[in-house]
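Working notes, structure below.
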Amino acid sequence: MLAIYKREMHSYFVTPIGFVYLAIFWAVSACVCTLTTLHEFSIDTSMYFLIMLFVFIIVVPILTMKLFSEERKLKTEQMLMTAPVSITSMVVAKYLAAFTLFAGSLVISCVNFIPLYLYAKPQSAIVFGSVIGIMLVGSAFVAIGTFISSLTENQLAAAVSTTGILLFLLAISFVNRYIDTYFIRSIIDWISIFQRFQAFNYGIFDFTAILYYASISAIFIFLTIRVYERRRWGA
Amino acid sequence: MIKIENLVKRYGNNFALDDISFTVEKGEIVGFLGPNGAGKSTCMNILTGYLSSTSGVASVDGIDVLENPLKAKKLIGYLPEQPPLYLDMTVEEYLNFAYELKSCTLNRKKHLKEICEVVKITDVYKRVIKNLSKGYKQRVGIAQALVGNPQVIIFDEPTIGLDPKQIIEVRNLIRNLGKSHTVILSTHILPEVQAVCDRIVIINKGKIIANEKTENITRAIRDNRRFNIKIAGPQREVLAMLKSKQGIAYAEVLAEREEDAYTYLVESDPGIDIRKILFYTLAERGWPIMGLEAVGMNLEDIFIRLVDATANKKTSKRIIK
């Protein structure tokens, strides 16, 4: 499992993908942070995190698109699947590699807040609570991207559909306020990845949210494993 | 060492493998022969745990591949049809990855160095796989299968895409591996199995149509029953004479090579040497022999006949024996 994890991390940085991801993510996050706080003479970071959610919709697929589709196309997965490694550890290793890069870059992007602390007193609970919250949302995004990558051997198709699905998940929570039926609203609230993130933005540390995002990640990792098990049966 | 029992692989109504059974003893080199799409790769993929069978059992050293995949996979080194190479890695990184992936316990440096020497990739050890030639890529693929020194090595078309010199090198390599490992290799090149394997399993449309020692198959090739004979004389009369002669099972005109001299293909009845008979008879008639050459039945002939005779098991036995 460690071997696969190491290989994934290695491949992010011998191909341009890792660098492209980091460049886009850090550049955009710095711009957004400047525009929403310094530029506005505000210490309120909620707008920053909200916009970052949309940035993730673009950048997370960069991380996840190749995880399985490339292996499938180059037939290298045959090496993994005939090695004495279980499918579960293969999938988890790949997920963790993508998540490590995501989480690492997010933590480093916290340098964006240094100017805020230099010139004002932001509420650390809200800022870092939101960082944790957004990391949880990201973990679910990475899991969804991982799953979609296992469905196709075309990287571009994987990336575009991941973006599409993530966008859909965010969009429904904004549409939700226009729906009158309580029943449908409560279902959409439940599906909506965005809804639970709101609490962090208000500085509330919601433990059920941790459970929620962890479950979403687990469900999609599980589905990815199922995809591979099913492929062995030649469906 | 390897046991395959009643293996069936079905895709919808399509049988990729239809009730296949065979065993491979320890230290044997077995050649898996069949046309494209016969089920060779499917069988190997099941044996290595990449695919699951619809029914039937595949086991390595008594360990069922389906029930205990991790343990069984540890015993197998596999080179798939397309070598599973990570093109962005160097050979060194790649082999180290294979080493870690198989959670190998041998001395890493020494083991990898030995493998590189065996497959002759030491001089490209530090290079990126993407930039290697096809022959080197294939050899890196073989090296990957050897990591961990598995007891069973499975090669799916190992010489495909190599130049003639490399093919000979790879064959020698496989023969050497066979001294200390159990080897299965698949190919559709007939002389290849003849050169390398102890036993040949011929497979067509998902069924085994022959499972014989290589000697038995080569004996059929050595049998001098067929000759190309060039005779100067009137074509029609000569052919009629050949056909009516006792001891000759079959005769046909091949081509006119020289003026008035035709080449005929003659096949004798089993156990009869017709060369003397032909000499005396033709001398008597005043038709000189301009040339005589034995035509061995090659593996291609055997193979085509076996494939045609799949429906009738008895004929296939008769052709080989």
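General observations
- Subset of the stretch B:235-273 (residues that are over 37 Å from the mean Cα position of the chain (by Cα) and part of a strand (DSSP E or B)): B:258, B:261
- Given (1) out of contact with any Asp or Glu (no Cβ under 8 Å at 6 or more places or on another chain); (2) surrounded by fewer than 20 Cβ atoms within 10 Å (Cβ to Cβ); (3) at pLDDT 90 or above; (4) within 12 Å of chain B (Cβ to nearest Cβ), index of the condition residue A:1 fails: (3)
Okay, residues lined up against (1) of a type in the set (D, E, K, R); (2) more than 13 Å from the chain's Cα centre (by Cα); (3) outside any helix (DSSP H, G or I):
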site: B:136; (1), (2), (3): no, yes, no
site: B:153; (1), (2), (3): no, yes, yes
site: B:159; (1), (2), (3): no, no, yes
site: B:185; (1), (2), (3): no, no, yes
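- Any hit, the stretch A:53-68, residues being basic (Lys, Arg), under 30 Å from residue B:73 (Cβ atoms), in contact (Cβ under 8 Å) with a residue 12 or more places away in the chain and within 13 Å of chain B (Cβ to nearest Cβ): yes
- Residue match in the stretch B:201-210 (condition: in contact with a Leu (Cβ under 8 Å, 6 or more places away or on another chain), under 21 Å from residue B:61 (Cα atoms) and touching a residue at least 40 places away in the same chain (Cβ under 8 Å)): yes
- Evaluation of residue A:96 against (1) closer than 20 Å to residue A:211 by Cα; (2) within 14 Å of chain B (Cβ to nearest Cβ) (one fails), failing number: (2)
- Criterion (within 14 Å of another protein chain (Cβ to nearest Cβ) and within 19 Å of residue A:5 (Cβ to Cβ)) met by exactly one of A:90, A:135: A:90
- Residue B:52 small (Gly, Ala, Ser) and farther than 24 Å from residue B:171 by Cα: yes
- Selected residue (only one of A:129, A:164 is away from every other protein chain (no Cβ under 14 Å) and either polar (S, T, N, Q) or surrounded by fewer than 17 Cβ atoms within 10 Å (Cβ to Cβ) (or both)): A:164
- Of the residues examined, residue A:219 is not one that is under 20 Å from the mean Cα position of the chain (by Cα), at pLDDT below 80 and under 30 Å from residue A:90 (Cβ atoms).
- Residue match in the stretch B:50-62 (condition: at positive phi, buried (at least 16 other Cβ atoms within 10 Å of the Cβ), more than 12 Å from every other protein chain (Cβ to nearest Cβ) and not in a loop (DSSP other than H, G, I, E, B)): yes
The values are calculated or read from the model by the stated rules, or taken from the named source; none is laboratory data. Keep in mind that what you see is a predicted model, and the values were worked out from it rather than measured. Every residue, glycine among them, receives a Cβ derived from its backbone with ideal geometry; neighbour counts consider all protein chains shown.
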